[in-house]
Amino acid sequence: MKAWIAGTGSYTPARVLTNAELERMVATSDEWIRERTGIRERRIAATGEACSDLAVLAGKRALTAAGLAATDLDMILVATCTGDYPLPATACLVQHQLGATKAAACDLSAACCGFVYALSVADAYVKNGMRHVLVIGSEVMSAITDWTDRNTCVLFGDGAGAVVVSASDGERGILSTHLRSDGALCELIMVPGGGSRNPPSEKVIAERLQYIKMKGNETFKVAVRTLEEIARATLSANGLRVEDLDLYVPHQANLRILKAVMERLGLPIEKVLLNLDRYGNTSAASIPIALDEAVREGRIKDGSLVMLGAFGAGLTWASAVIRW
Ligand code: UT7
């Protein structure tokens with residue numbers, strides 16, 4: 001028995017923030033952002049629009065695509081690093097809003113790898129007897145972005161993507177998931193303040209420690225190495241070659257990172273889903289938003305072989321192969 005993806009959905013806020021607008025906020029240029037990252041614009045949540053609001057809309061669309069009601073769900077997993085509150089889990093707010101009265105609900109924190117990690121949890125639960133698990137990646141990165149820091153504020157965006165993972169008897173389904181971590185590199189990407197190490201205080205606010213800090217260039221190098229390594233390990237574990245893949249859906253962090261990975265793997269750009277030009281890096285939401293776009297545009301069809309690849313804070317990196 002396998003777990004398969006029975007439906008996908010996504011939601012991105014209406015507000016578009018362009019590179020031209022960022023030029024007026026920090027010392028940057030549209031040309032620098034496009035050349036160094038591939039990003040043209042990103043979506044920003046409205047005032048008062050929080051992580052669970054985005055997650056509910058993406059989740060509803062995934063349920064509709066799967067032809068299921070919220071009451072069919074056994075579990076809701078929300079992958080996020082920008083939940084509505086430190087406590088309770090955002091997944092519980094989503095459970096209530098959806099009316100998923102029979103579902104367990106909890107969040108999963110693995111930054112940009114959160115969706116792939118949560119997908120692997122759903123895969124295991126479905127193989128263990130659950131029938132339908134809603135997996136959502138939802139982020140309001142704008143809430144933890146320092147809009148005075150040009151090193152980071154040009155990169156991130158807000159959005160949510162969701163999939164319903166259900167039991168399947170056929171050939172289709174999640175073939176394998178692969179999860180890795182290296183906490184020795186935890187300082188490469190970090191929100192230093194607001195947790196138990198540096199609880200909220202005037203000092204935290206004054207030093208802007210509630211915002212994301214990143215050593216971009218070091219992260220870049222590790223990202224290329226880890227994405228290549230995990231892609232090769234994933235293909236080898238399934239007896240597959242790069243040529244067998246119909247689509248690679250990577251975490252949408254930086255076009256130059258992805259081009260380097262494509263080159264190393266010998267993967268043509270036509271087989272890679274790229275939408276970071278329109279959304280930037282939406283952390284745990286990036287892969288499920290891209291998956292939903294690929295399904296709706298017909299780039300993923302029944303029988304397609306799809307590989308996911310993610311990396312992010314932790315550091316973590318992760319992958320999955322799915323026969324659609
Ligand atoms: O999902 C989370 C994972 N995180 C990532 O994927 C991020 C990975 N890293 C990156 O995407 C890239 O490292 C960046 C896009 C963040 C930076 O590109 P880079 O080619 O690594 O540039 P750099 O950090 O080496 O900086 C080059 C120069 C620096 O100026 P100096 O020191 O050479 O004078 C920066 O200060 O570019 C400067 N710079 C900027 N200039 C204009 C940094 N940010 C900007 C900016 N606009 N927004």
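The values are calculated or read from the model by the stated rules, or taken from the named source; none is laboratory data. As the structure is a computational prediction, the values presented were derived from the model and not from experiment. Virtual Cβ from ideal backbone geometry, glycine too; neighbours counted across all protein chains shown. Heads up: the accessible areas ignore ligands, DNA and RNA and are worked out on the full protein's heavy atoms, side chains in. Shrake-Rupley method; radii C 1.70, N 1.55, O 1.52, S 1.80 Å.
Using a 1.4 Å probe over the heavy atoms of the protein chains, calculate the carbon and sulfur portion of the accessible area of the chain as a whole percent. Present the calculation step by step, with values, prior to reporting the outcome.
Details: 6830 of 13590 Å².
Ligands and nucleic acids excluded, carbon and sulfur reach 50 percent.
Over the chain, what is the relative contact order in percent, taking alpha-carbon pairs closer than 8 angstrom and at least six residues apart? Mind showing how you got there, number by number?
Numbers: 798 pairs, mean separation 83.6, N = 324.
Reported as a whole number, the value is 26 percent.
Which percent, nearest 5, of DSSP beta bridges in the chain are antiparallel? Write out the running numbers ahead of the final one.
Details: 40 of 56 bridges.
Bridges in the chain that DSSP calls antiparallel: roughly 70 percent.
Where both partners of a DSSP beta bridge lie in segment 226-324, what percent of those bridges are antiparallel, to the nearest 5?
Working: 8 of 13 bridges.
Given both bridge residues lie in segment 226-324, the antiparallel proportion sits at roughly 60 percent.
Total Lys pairs in the chain closer than 17 Å by alpha-carbon, pairs eight or more apart in sequence or interchain only? If you can, show how the numbers build up before the last one.
Details: Lys2/Lys127; Lys60/Lys102; Lys203/Lys213; Lys213/Lys221; Lys221/Lys259; Lys259/Lys271; Lys271/Lys301.
Value for the chain: 7.
Rank-order 182-191, 274-283 by packing density, defined as the average count of other C-beta atoms within 10 Å over each peptide's residues, highest first. Intermediate results must be reported in sequence, preceding the final value.
Details: 182-191: 14.9, 274-283: 23.6.
Averaged packing, sorted descending, gives the order 274-283, 182-191.
Using only the alpha-carbon atoms of segment 195-324 as identical scatterers, what base-10 log of I(q)/I(0) does the Debye formula give at q = 0.12, 0.14, 0.17, 0.19 Å⁻¹?
Result of the Debye calculation: -0.51, -0.65, -0.88, -1.05.
Based only on Cα atoms, what Rg/Rh ratio does the chain have, Rh being taken as Kirkwood's radius? Don't jump to the answer; show the numbers that get you there.
Working: Rg = 18.5 Å, Rh = 19.5 Å.
Here the Rg-to-Rh quotient is 0.95.
Suppose we take every Cα in segment 2-170 and form the convex hull; what volume per residue is that in Å³? Please report the intermediate quantities before stating the final value.
Numbers: hull volume 19.6 nm³, N = 169.
Measuring per residue, one finds 116 Å³ for the Cα hull of segment 2-170.
Counting heavy atoms of the protein chains only and a 1.4 Å probe, report the per residue accessible area for the chain as a whole number of Å².
Details: 13590 Å² over 324 residues.
Per residue, the chain has an accessible area of 42 Å².
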